[in-house]
Structure formats: C-alpha cells, structure tokens
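Below you'll find the structure, written out as structure tokens, and then a few comments.
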Amino acid sequence: MEFNGEALQCRMIEDGVVEMTFDLQNESVNKFNRVTMEEYREVVNQLGQESGLKGLMINSAKEAFIVGADINEFLGFFQMPLDELIEQIKRQQQVFLDMENLGVPSVCAINGYALGGGFEITLASTFRIASTQAKVGLPEVKLGLLPGFGGTTRLPRLIGADNALEWAAAGDEKKPDEALKAGAVDAVVEPEQLKEASMKMLMKAIQGELNWQSRVKNKQGPLKLNENEAMMTFETARAFISQKTKGQYPSPLTIVGVMQASAGLTIREALDVEAEGFAELAKTSEARALISLFLGDQLLKKKAKTYRKTAKPVKKAAVLGAGIMGGGVAYQSAYKKIPITMKDISSSQLDLGMSEAAGILQRRVDRSRMDSRKMAETLTRITPSLSYDSLKEADLVVEAVVELEKVKRQVYQEMEEVLAEDAVLASNTSTISITKLAEGLKNPERFCGMHFFNPVHRMPLVEVIRTKQSSEEAIARTVAYAADLGKSPVVVNDCPGFLVNRVLFPYFAGFAGLIEEGVDFERIDRVMQKFGWPMGPAWLLDVVGIDTSHHAGGVLAEGYPERMSNEKANIITHMFENGRYGKKNENGFYIHTTDKKGKPRKERDPEMGPLLEKFFGKKVEPKMTDQAIIERMMLPMLMESSRCLEDSIVENPAEVDMALVYGLGFPPFRGGIFRWADEEGLGRLASAAEQYIELSELYRPTEQILQMVSKGEVFHPI
C-alpha cells in the first residue's frame, strides 16, 4: 500500500507492516483539519481492504506528533444545528474506531506534543511509545469542551476512571514519566530510539508475544467498576469540581457526567454519549468565550512573532528602581535566562529588590517546582548596582522608579548619558503620559511605555505604549522582550490610563455611585465575585491601594473631565483623605489576614459603617437587583472600552478582551468585555445604559455601539 497526501503518507515498510506518517504540508505542526480528517478516513478505509496487513505503525514527520484539532475550522461545525453537529462528531469518531478495529496491532510513536485529537488517535492505537521529549494530554476542557474523538471513552478504560477524570477535567499536559506511571503509554525512550523501539514492540505483537487482542477488548468493553465504586468515583469528582468551578464552567462537570453515563456501555454506545456531550458544550456561551480567548491568545502570539522578526534581541536588560516592581521585573528576566542589572540609588532598596526576587524563587523551591541549584543560578543573572555605568551594555532598560513625573525626567537625563546608542528606554508608569515623559529626551524615538502588572511573576499582560515618536524598532524590541519574558504584550497608543486603567476606573466609578446611594460594599463584592471577578471592587481597591487608585483617578479625571471629573468627592476620595489606603496600611474596607494555608482572607472593618454614614449621611439600602448592580458596574467599562476602539488606542476587540482577562482577571468564562456584551445583547445593554445617563456620562452609549445595534452587528461574529 502507498498513499501520498497533503497531510498523510503511507507505505509498506516490510511484509504486511504499514507506516502511517502525519506530515501536514505548508504547516509547522500537524493538526486535525479538514484535509487531515479526510485523508485519515481514506487511509483507514484502504487499510481495511488491505488483505495482507499485519500491523500499523503511526508516527509524525514533524517535531510535534499532532497538536490537536484546528479550532478555526471546528468553529464552523459549531454553527450547525445540534442534531447535525452530533452526527458530524459521530462520523469523525467512527474513523478512530475503524482504525482500532482493523484486526491488527498498531503502535503510535509519540515524538512530541500529542494533545487533544492528537492524543486521542494514540488512544485508539493498541500501544503507545513516547519520546522523553513528548507531552500528552486532553486540553479541550480549557476551551469549554470535552474530548470528542474518544478521549472520555478510551482513557478511563486505559488508566482507570479516577486518573482519567483528573486528566480530562483539568486538561493539563502530562510528561512522559507521568503518562507511563498512569499506564497511558507503554514505554518511554530517547528520541533517537523511538522508531526502533516502536517497530520492536509492533513485531512482538504481530508474532504473538504481546496479547494485543485483549488490549483492544478491554478498551471496547464497559468500565471495570462495580456500582459502589462508580458512585464513589464520580460523585466525589462531581463534588470537588463543583466547589472549584462554582458553577461557572460547565465542561468539567459534563466530562464527569459523560464518563459516568457511559461507564457500563460498550464503546460505540459510549461514543454516542460522548458525541452528545461534546455537541451540547459546543453550543454554550462558555465554550464560545473560552475559544474566543484561545484565538485571542494566538493573535497576540502571532503579533509578537511578527515584531520579533524585525527586532534586535534583548541579550541583556536593566531595570531602574529596585522596589517590589523592580524586583519582580528582575526576577522574571532572570528566570527566563535574560541577564538583568537592577540599579537604584539606595542599597536598602537594592536589598528589597533582591529579596523580592529571592522570595519568588524560594516559593518555587518550596513547591518543588525548582531546585536550590537552579534558584542560585537564576539569582546570579541579577546584578544589583548603584552606578549608572552598569547600564552601558543594556539593550533595553525598564524604568520603574517612583510615580512622579519630575523624578522620572531627572532620571532620564542622567541615564541618557550612559545608555548605548541604540538602547531602548521603556517606562513602567501606570498613569503618566508617555508622550509627556518623552519631552526633553535626546532620542524620543527609542522611548516607549512598558507597563507591567503586579505581581509581575503572575500577571500575563504587558501593555506596550506607543507615542507618535516611538520608532518601530523600539516597539518591536519591547514587544519581543515582553514575549521572551513569557508575557502577553498588547500594543496600545498613548492616552491617559492607556488601555487597562482607562477602562478600570469607570468600573470603579460605577462602584462609587452605588456606595453613595447606600448599597452595601460587601453585597457589591459578592455580586461581582458571583459574576466571575476574582475580587469584588472594594476588595480590589484595598489590594491595589486606595492611595494609588486616588492618584490614578486624578490623572484620568484630568484627561477625560467630561465623564471622569472628580469635582464631587466619591468613596475613593473620602477614604484617601481619611488615611485609609487599604491593605498596605491595614486601613481599608476590610481587615486582611491569611488562613492556615496562607491564602488571603478578609472580614469587614467595623469602622466602615460609621465612616460611610459620615461620608454620605444615613442611608437606607435601596431595593436593587443583582442584575442592576452588574449593569451599574459593567456598563461604564463597556462604554469606555468601546471609546478606546473609536480612538484607535488599540487595534481590535480581541486585544481589549485579552488585556482585561490577562491584566485585570476579567472572568475568562465570559471571554472579555466585548464577548460578554455580545452574549448579553448589545441592544439590551445600550437600552439599559441610556437609563443611567442621568447618573453619569460614563453610561452614555458610544456612537460605535449605537451603529452596531442599528445594523445588527456584534464585536465577535463567531
């Protein structure tokens, strides 16, 4: 037999043994797209008619085995009516089942990533051998889906229900040794031994030394669990997942339900249950949201890759200012193996910065994510210094000094004397105009903003802020450096608050208005956490720092006086003027402690009741639905996000959504502000917003949204 397609090649390598090789042309990776699925179906049909077939070896000609399904193409399937989608999934499942039922043993040689459908084809084979460089897993749950090519059916029959539930409901990638221990692969070998080891195992099966028939039979029968074992396994998993997801992510619970419902069934019946579960999830708003974020993340990576092509790589960096932020930047650079100098005018500040970096590393060691030797190696990549001369070799310098324009300008004057001629200077300011800071620089074209979010090692977003004078090289190098740090850079044009803070403070304004009307701040926090935010607005203000928020609010009020004016004192102003800065001085909305596991815990500060009465007079809490609270909080954020698009601060809705998810913790299952608006209905939200205009101009629907409503458009067509 011989087959030479666009995605698959097959050939008889010796008497009765066929080698099936995945090699998708004009692509860097193998994936299950239309071409691959059609050719896979055709090859399996031909193999079924091959009279002399004795065995099948499956491998990949690329570095990765198969990375999964092409989600862009699968989105088209998701638009089908439910019953048609179910039938389409069953049709795809049948190809995997037909391969499993060829009546001969098969071996998959897993040389790299085998994820999603890529892992499911290995599950349909009789044996699996993994390279030490391989990784396997079923990440569909992270897209709000479940494995639909047999993953929830075959995996529990292979490694047991408990393990399969953990693998599929968490969606994590597994290293070869983990997969071997669980029984998901049969052997692990070095890459150069993979083909030989796979052929050896296949020949043993062909010659009867391995009972491959029992392997197939076990995967196609019911799960070997009695009624009590099944109840304990699935109900325990259901309770644990419900506690973790709080009902906001349906796919993990659906995975439990599908595995439980199909536990006593044969494989074809079980695959039908899986197909129905997959199709139902594909129709949910959560799946649309999570897929949207996946595609948004791919967009950011693609843009960063494009910038990297033209950028001079940052081989040595520097950070100016050695506080908590400076130490975080230094840690991140050193951890990603880019040497960095940390410069400050104070030895005590340098000690603080080094302590911050060392503390983050020590926590990795304590959690067995790093050994002490690697921790020491990482710290040696950070060079503390009191001298500007230490910056001479830096390709890029991140300025992270105190948030005062005068201080920053003075620092720039001193620093420009020693910087390399083509070095990029990037300010980590969160509020001050990058355009203003560029005034007086000798080389404003090599200056831009690079806004990290705290804590640096956890927050994925970096805003790269462009002025009209910033050169393409400066932006490209900064984006490339951010990506090399493992961050997700979003390029924005300069404006007060940039992107994230500009849309956050209207959200805080919504909170301030509710407080003034007498709505209890704890109730607002509960409602917004139920909406999906990791913290409610009062808790967030405490953590960010009410003094910091007051300062940033002033910058935004000056920039957008028509809708963000702070002439009238709000809750943030009152708290600031009374020295209540939040967690940093233990004077905020809450008293902050930690539980026995070190997790943050809060309880209402009893002083807040009298203070609120002092600020706004005695109030009777108004009758207001949770939905009204959500609208009052979210609509100002939506409208300001739309204005950012109108003002060309950012290029497209997907980047705004990603920035809010990665920079603020916007609920991922809602997909970002614009995906949420699409799901809620732009027309309904615009009508709701118009009712609140008398409260603030922040609620006024934008011209963009009004036009979209009139045309029946949405921010995300798919």
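The values are calculated or read from the model by the stated rules, or taken from the named source; none is laboratory data. As the structure is a computational prediction, the values presented were derived from the model and not from experiment. Note: ideal-geometry Cβ built from the backbone for every residue, glycine included; neighbour counts use all protein chains shown.
Below, the figures for the structure above:
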read-out: Residue satisfying condition, being surrounded by fewer than 17 Cβ atoms within 10 Å (Cβ to Cβ), in contact with a Gly (Cβ under 7 Å, 6 or more places away or on another chain) and either in the same structural domain as Val402 (by TED's automatic domain parsing) or outside any loop (DSSP other than H, G, I, E, B) (or both), within set Lys584, Lys614; value: Lys584
read-out: Condition met for Ile546 (touching a residue at least 24 places away in the same chain (Cβ under 8 Å), crowded, with 21+ Cβ neighbours inside 10 Å and more than 31 Å from the chain's Cα centre (by Cα)); value: no
read-out: Residues being surrounded by 14 or more Cβ atoms within 10 Å (Cβ to Cβ) and charged (D, E, K, R) - total across the range 201-231; value: 4
read-out: Where Arg11 falls short, out of the listed (1) crowded, with 17+ Cβ neighbours inside 10 Å; (2) touching a Ser or Thr at 6+ places or on another chain (Cβ under 9 Å); (3) in a strand (DSSP E or B); (4) not β-branched (Val, Ile, Thr); value: (1)
read-out: Only one of Arg409, Arg458 that is free of Cβ contacts under 8 Å to residues at least 40 places away in the same chain and in contact with a Gly (Cβ under 7 Å, 6 or more places away or on another chain); value: Arg409
read-out: Contacts under 7 angstrom Cβ, first residue in the range 355-366 being without any contact (Cβ under 8 Å) to a residue 60 or more places away in the chain, partner outside any helix (DSSP H, G or I), 6 or more apart; value: Ala357/Ile382; Leu361/Met370; Arg364/Met370; Val365/Asp371
read-out: Pairs where the first residue, in the range 602-629, is free of Cβ contacts under 8 Å to residues at least 40 places away in the same chain and the second is of a type in the set (Phe, Trp, Tyr) and assigned to a loop (DSSP other than H, G, I, E, B), C-beta under 8 Å, 6+ apart; value: Asp605/Phe589
read-out: Residue tally, condition within 17 Å of Val67 (Cα to Cα) and part of a helix (DSSP H, G or I), over the range 128-167; value: 7
read-out: Residues within the range 191-241 that are of a type in the set (S, T, N, Q) and in contact with a helix residue (DSSP H, G or I) (Cβ under 7 Å, 6 or more places away or on another chain), tallied; value: 3
read-out: Residue list for the range 45-95, restricted to those being surrounded by 16 or more Cβ atoms within 10 Å (Cβ to Cβ) and charged (D, E, K, R); value: Glu50, Lys54, Lys62, Asp70, Lys90
read-out: Restricting the range 14-38 to residues that are closer than 21 Å to Ile89 by Cα and surrounded by fewer than 21 Cβ atoms within 10 Å (Cβ to Cβ), the residue that is farthest from the chain's Cα centre (by Cα); value: Glu38
read-out: First in the range 80-103 and without any contact (Cβ under 8 Å) to a residue 60 or more places away in the chain, second anywhere and acidic (Asp, Glu) and buried (at least 19 other Cβ atoms within 10 Å of the Cβ), Cβ under 8 Å, 6 or more apart; value: Phe96/Glu120
read-out: Where Ile465 falls short, out of the listed (1) closer than 23 Å to Ala357 by Cβ; (2) free of Cβ contacts under 8 Å to residues at least 60 places away in the same chain; (3) touching a Ser or Thr at 6+ places or on another chain (Cβ under 9 Å); value: (1)
read-out: Those residues of the range 181-191 which are within 29 Å of the chain's Cα centre (by Cα) and crowded, with 17+ Cβ neighbours inside 10 Å, in sequence order; value: Ala182, Ala184, Val185
read-out: Residue within the range 124-132 that is buried (at least 20 other Cβ atoms within 10 Å of the Cβ), without any contact (Cβ under 8 Å) to a residue 60 or more places away in the chain and under 21 Å from Leu290 (Cβ atoms) present; value: no
read-out: Close pairs from the range 432-443: first among the basic types (Lys, Arg), partner surrounded by fewer than 17 Cβ atoms within 10 Å (Cβ to Cβ), Cβ under 8 Å, at least 6 apart; value: Lys436/Glu405
read-out: Condition check for Val401: of a type in the set (Val, Ile, Thr), loosely packed, with under 15 Cβ neighbours inside 10 Å and on the phi < 0 side of the Ramachandran plot; value: no
read-out: For Met20: the one exception among (1) in a strand (DSSP E or B); (2) farther than 25 Å from Phe77 by Cβ; value: (2)
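Residues are listed down the side, and each one gets a yes or a no for (1) among the basic types (Lys, Arg); (2) touching an Asp or Glu at 6+ places or on another chain (Cβ under 6 Å); (3) assigned by TED's automatic domain parsing to the domain that holds Ser131; (4) under 30 Å from Glu192 (Cβ atoms):
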site: Ser51; (1), (2), (3), (4): no, no, yes, no
site: Leu56; (1), (2), (3), (4): no, no, yes, yes
site: Ser60; (1), (2), (3), (4): no, no, yes, yes
site: Glu63; (1), (2), (3), (4): no, no, yes, yes
site: Leu75; (1), (2), (3), (4): no, no, yes, no
site: Ile86; (1), (2), (3), (4): no, yes, yes, no
